[in-house]
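Reading through the structure tokens given below for one structure.
The values are calculated or read from the model by the stated rules, or taken from the named source; none is laboratory data. None of the values given here were measured: they were computed from a predicted structure. Backbone-built Cβ (ideal geometry, glycine too); neighbour counts: all protein chains shown. Calculation scope for accessible area: heavy atoms of the full protein, side chains included, ligands and nucleic acids excluded. Shrake-Rupley method; radii C 1.70, N 1.55, O 1.52, S 1.80 Å.
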Amino acid sequence: MNTDEIRSRFLAFFEKKGHKVVASDSLLPHNDPTLLFTGAGMNQFKEYFLGLKKDFTRAASSQKCLRTGDLDNVGRTAYHHSFFEMLGNFSFGDYFKKEAIVWAWEFLTKELGILSERLQVSVHEKDSESYKIWHTDLGIAENVLHEFGDKDNFWPSNAPKDGPNGPCGYCSEIFFDQGADYGCKKSDCSPACDCGRFAEVWNLVFTQYERKDGGKLDPLPSKNIDTGMGLERIACVMQGKKNNFEIDIFSSLIQAVTDKSTIAQNNFKKEQTSVHAIVDHIRACTFAISDGAYPSNEGRGYVIRKLLRRSIWHADSIGVKRAFLFKIVPLVVTIFKEVYPELEEQKTHTIEIVQAEEERFLNTLEDGRNLLDALIKKAKREKRSALQGEDVFKLYDTYGFPDELTKLKAQQEGIMIEQKVFDQLMEEQRERAKKTAVISDAIFTSSELEKQLSQYEKTKFCGYRSLEAEATVCSVIKEGKRVEQVVENEYAIIILDITPCYAESGGQVGDQGTITHENSLINVVNTQKKDDVFYHEVHVMKGSLTSGAKVHVSVNSKRRNAIIKNHTATHLLQAALREVLGTHVRQLGSLVSDEKLRFDFSYQKALTEEQKRKIDACVNQKITEGIPLSVDDTTAVEAKKKGALAFFGDKYGDSVRMVSIGDFSKELCGGTHLNNTKQIGQFKIISEGSVASGIRRIEAITGERIQHFVQEQKQKELAQQEKTQERKKKQEDQRTQVIQLTNSSNIEKIIKVKKEIKGYNVIVYACDGVDQGGLRELYDALKTKVKKGIIVLFSRCEDKVMALIALTKDLGPSTISANGIAKELNKRFEGSGGGKKEMAFAGIKQVEKMEEAKAALPDIIKGLCDGN
């Protein structure tokens, strides 16, 4: 049975059991800041587990998952992956243990036809209810029904003792027995053994408690079911394989990698760890990049960069020295595109990202080799027997060098590595990775505001057609708690039954406006929403506002008009980008405000001036054409058939709103728009730049803002011209002054004021408005006229004084230095500066202290000569 069929059968099986089949969420959880990547099937159902959403109580899914806590095991073991698919069925306060257990057994033994004698089960040692269902109701023999403790059969593992606080519960696991000739081969081998004989295929989690401080477990009023079965692992069982990488979805990928390698086929087993790791990592990166991730040095991007770099190193170790991973991407797309069509849509983009990162890192890899050679030479030079653990970790983390490679190279030169230090640093990194990969204790928590909002029905939004409405105050919330009234100068959150105020979403900012009631005036500072409940952040300017009051709501129409100009222009911009740069360009984010629009999109390099000109001209052409906008309420399927674009990663319900600008632009969009493009007036790009690797950002303005912008630019240019002219005049004035200072008659006058101090001819001279360069020229004119000289030149420039101190070359070795004099001046007069023995600079903060500094020089020079 192939992998696709197993996935289809699982979803169909639970659909027949009354479950809603829900499509996989993105690998990048957009609405959960507690997670870097989606790591479990239950992540997208957080609000259902919390009771904030209740439109269905049973769900089933095949979820794309990415975990990086055990990367070093990928390729080494039979079952570890970074990317995998998790089959899961879920109950939100509906069915519980009996149905979950019975249906799991039915699916495995009847739907898939797995022999029951090849399966074993574990339950928690205190979970007598589950034990009874397995043993009494299903007839599972006691010798294959195992009881384990909190570490193995509690979720989260060891939660009663170690936490975190929050929902938790017993779990029951189902294992497939690979046979007595597999693994340790001991007669008493059981699922508790980690030899690999018993492969865990399904984990059934019974969320029935809430853990509190001290490890107290209180029963939950609403019990949930969360199950997870790795698709690759069950496919391995169904296809009679001993290793996940032997199943159907990996065969062509492994062949493609081995075809590129230089290893002999009879040595493949020796190198299969690297081949398997490459296949795993490039599959993970293909899915993640298609979902909107990019290689970078932080967060999600760091994970993608690390996966690609590990792949490149593994490729290098099997003799592949050139970029080739990008050629594997199309194969991954071909295998999975029927189930995940976004892979095909983003194929060109993904290939470009992988190729660029691959070529960049191949250069880095060479840098890493050079660094390793330098570290080995340094260790030999310092007569150390081992490379420092921190350096070995840097080679691993920055250059992709595993410690085994560093150790091998070092041993060839008679050097060891500080293994313990390296292992400690690796463990610390693993812990950091696990904290971002596992489910956070915040996954099952909600704010007070969320709890309040979950109690209300959907807000009726009338703001597409009207900017005013008569409404009723449903609730007044202050500091997270519901109150009856707010009074003058207080801030609060107001929920209305109907509102014309658009709530921030889809990149468009929330509306501002006013709420009036009798003699009260309330400013709407912002409008937000949680699901379909709108809430208004308000400031009571006059009077008061009470729950249940009848009010009049008005949107700030001037601000809204500026926003909708920018929003419609944003749609035109995206269409223009795709027309000028190519259809692989994808929106990655946007901000639509009254002041400007900002649009983030996928593209590998900076736009040329010609490209920007074409994009600008294209948008303005569509504005000039005066194209009417149309809005259709339809289904997501129908909208996409008509070519509508969707913001990638957003989830859409059965009904969607499609905004069309003729045939030029079609997008799924819930925002507010103009009726005709001509109403925009004009469009202008004001900046274009990089946000991250492969992500560009355009900022643009429309309508009257352009006139203001042009005027501001002219004013800035005029101000800059004035500054340039002033600077030029100052330079010309200074040039004239330096010429006067360095003429022969003035030089003679300066030389005449020299004094003999401790055998040195000391010249001290002050002038105004001369910079460092001018002082150097003056010194150059003096240095040949004075023997055994110390020359100190002061210049007063606006609010500071600088001093050049220099010794003539004929002094030779001496106890005094220019830098020593500068340091003493700085010390006495709170200055800064320094230099060398022959020349240095000092500064004096207070201009009025210049004469005092000049007078202090004889004493300073004498002190330095005497060694004081």
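A few points about this structure:
- Cross-chain or 6+ apart pairs with Cβ under 6 Å, the range 180-209 first and under 30 Å from Leu50 (Cβ atoms), then open to solvent by 40 Å² or more (accessible area, probe 1.4 Å): Val201/Arg233; Val205/Trp155; Gln208/Lys223; Tyr209/Leu217
- Cβ-Cβ under 7 Å pairs, at least 6 apart or on other chains, the range 467-481 side in a loop (DSSP other than H, G, I, E, B), far side among the hydroxyl-bearing types (Ser, Thr, Tyr) and open to solvent by 20 Å² or more (accessible area, probe 1.4 Å): Leu467/Ser554; Leu467/Ser557
- Only one entry in Leu405, Leu375 is more than 27 Å from the chain's Cα centre (by Cα), at pLDDT 90 or above and open to solvent by 20 Å² or more (accessible area, probe 1.4 Å), namely Leu375.
- Pairs meeting the criteria (first residue in the range 720-747 and at negative phi, second residue open to solvent by 100 Å² or more (accessible area, probe 1.4 Å), beta carbons under 7 Å, at least 6 apart or on different chains) are Asn746/Gln740; Ile747/Lys785.
- Note on the range 771-806: residues that are open to solvent by 40 Å² or more (accessible area, probe 1.4 Å), part of a strand (DSSP E or B) and in contact with a Cys (Cβ under 9 Å, 6 or more places away or on another chain) total 1.
- Which listed residue is open to solvent by 40 Å² or more (accessible area, probe 1.4 Å) and among the small types (Gly, Ala, Ser), from Ser317, Ser311: Ser317
- Residue in the range 61-71 that is assigned to a helix (DSSP H, G or I), under 26 Å from Ser26 (Cβ atoms) and of a type in the set (A, V, I, L, M) present: yes
- The range 159-188, subset part of a loop (DSSP other than H, G, I, E, B), closer than 22 Å to Arg233 by Cβ and small (Gly, Ala, Ser), residue least open to solvent (accessible area, probe 1.4 Å): Gly179
- Residue satisfying condition, being surrounded by fewer than 17 Cβ atoms within 10 Å (Cβ to Cβ) and touching a residue at least 24 places away in the same chain (Cβ under 8 Å), within set Ile686, Ile698: Ile686
- In the range 496-509, of all residues being outside any loop (DSSP other than H, G, I, E, B) and aliphatic (A, V, I, L, M), the one that is nearest to Gly480 (Cα to Cα) corresponds to Leu496.
- Enumeration of residues in the range 668-683 that are part of a strand (DSSP E or B), at pLDDT 95 or above and buried (at least 19 other Cβ atoms within 10 Å of the Cβ): Phe683
- Ser130 being of a type in the set (Gly, Ala, Ser) and part of a strand (DSSP E or B): no
- Which listed residue is at pLDDT below 90 and open to solvent by less than 10 Å² (accessible area, probe 1.4 Å), from Ala199, Ala293: Ala293
- Which listed residue, of Gln621, Gln604, is open to solvent by 40 Å² or more (accessible area, probe 1.4 Å), modelled with pLDDT of 95 or more and over 27 Å from Asp532 (Cα atoms): Gln621
- Residues located in the range 820-868, provided they are assigned to a helix (DSSP H, G or I), under 20 Å from Lys788 (Cβ atoms), free of Cβ contacts under 8 Å to residues at least 40 places away in the same chain and open to solvent by less than 30 Å² (accessible area, probe 1.4 Å): Ala822, Ile860, Gly863
- Looking across the range 734-760, the residues that are open to solvent by 40 Å² or more (accessible area, probe 1.4 Å) and either within 25 Å of Ile860 (Cα to Cα) or among the hydrophobic types (A, V, I, L, M, F, W, C) (or both) come down to Ile739, Lys749, Lys752, Val753, Lys754, Lys755, Glu756, Lys758, Gly759.
- Residue among Glu99, Glu111, Glu106, Glu85 that is closer than 17 Å to His281 by Cβ, modelled with pLDDT of 95 or more and either in contact with a Lys or Arg (Cβ under 9 Å, 6 or more places away or on another chain) or open to solvent by 20 Å² or more (accessible area, probe 1.4 Å) (or both): Glu85
- Qualifying residues in the range 624-661 (those that are outside any strand (DSSP E or B) and modelled with pLDDT of 95 or more) - the one nearest to Tyr340 (Cα to Cα): Ile627
- Count of residues meeting criterion [open to solvent by 10 Å² or more (accessible area, probe 1.4 Å), in a loop (DSSP other than H, G, I, E, B) and under 16 Å from Asn89 (Cα atoms)] in the range 20-39: 4
- Qualifying residue in the range 128-145 (condition: in contact (Cβ under 8 Å) with a residue 24 or more places away in the chain and under 39 Å from the mean Cα position of the chain (by Cα)): no
Every residue, every condition in (1) open to solvent by 10 Å² or more (accessible area, probe 1.4 Å); (2) part of a helix (DSSP H, G or I); (3) farther than 20 Å from Leu453 by Cβ; (4) out of contact with any strand residue (DSSP E or B) (no Cβ under 9 Å at 6 or more places or on another chain), yes or no:
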{"site": "Asp511", "(1), (2), (3), (4)": "no, no, no, no"}
{"site": "Ile522", "(1), (2), (3), (4)": "no, no, no, no"}
{"site": "His536", "(1), (2), (3), (4)": "no, no, no, no"}
{"site": "Asn566", "(1), (2), (3), (4)": "no, yes, yes, no"}
{"site": "Leu573", "(1), (2), (3), (4)": "no, yes, yes, no"}
{"site": "Arg578", "(1), (2), (3), (4)": "yes, yes, yes, no"}
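- Just one of the listed residues (Glu470, Glu479, Glu488) is touching a strand residue (DSSP E or B) at 6+ places or on another chain (Cβ under 9 Å) and either within 30 Å of Tyr48 (Cα to Cα) or surrounded by 17 or more Cβ atoms within 10 Å (Cβ to Cβ) (or both), namely Glu479.
- Residue count for the range 115-137, restricted to those that are closer than 23 Å to Cys189 by Cβ and surrounded by fewer than 19 Cβ atoms within 10 Å (Cβ to Cβ): 6
- Some residue of the range 215-222 being within 14 Å of Lys97 (Cα to Cα), in contact (Cβ under 8 Å) with a residue 12 or more places away in the chain and open to solvent by 30 Å² or more (accessible area, probe 1.4 Å): yes
- Selection status of Ile140, hydrophobic (A, V, I, L, M, F, W, C), in a loop (DSSP other than H, G, I, E, B) and buried (at least 18 other Cβ atoms within 10 Å of the Cβ): yes
- Here the condition is being β-branched (Val, Ile, Thr) and at pLDDT below 95; of Val592, Val585, Val555, Val524, it holds for Val585 alone.
- Residues of the range 45-70 that turn out to be under 23 Å from Arg7 (Cβ atoms) and open to solvent by less than 40 Å² (accessible area, probe 1.4 Å), as a count: 11
- The range 807-817, subset open to solvent by 20 Å² or more (accessible area, probe 1.4 Å) and touching a residue at least 12 places away in the same chain (Cβ under 8 Å), residue farthest from Lys749 (Cα to Cα): Thr815
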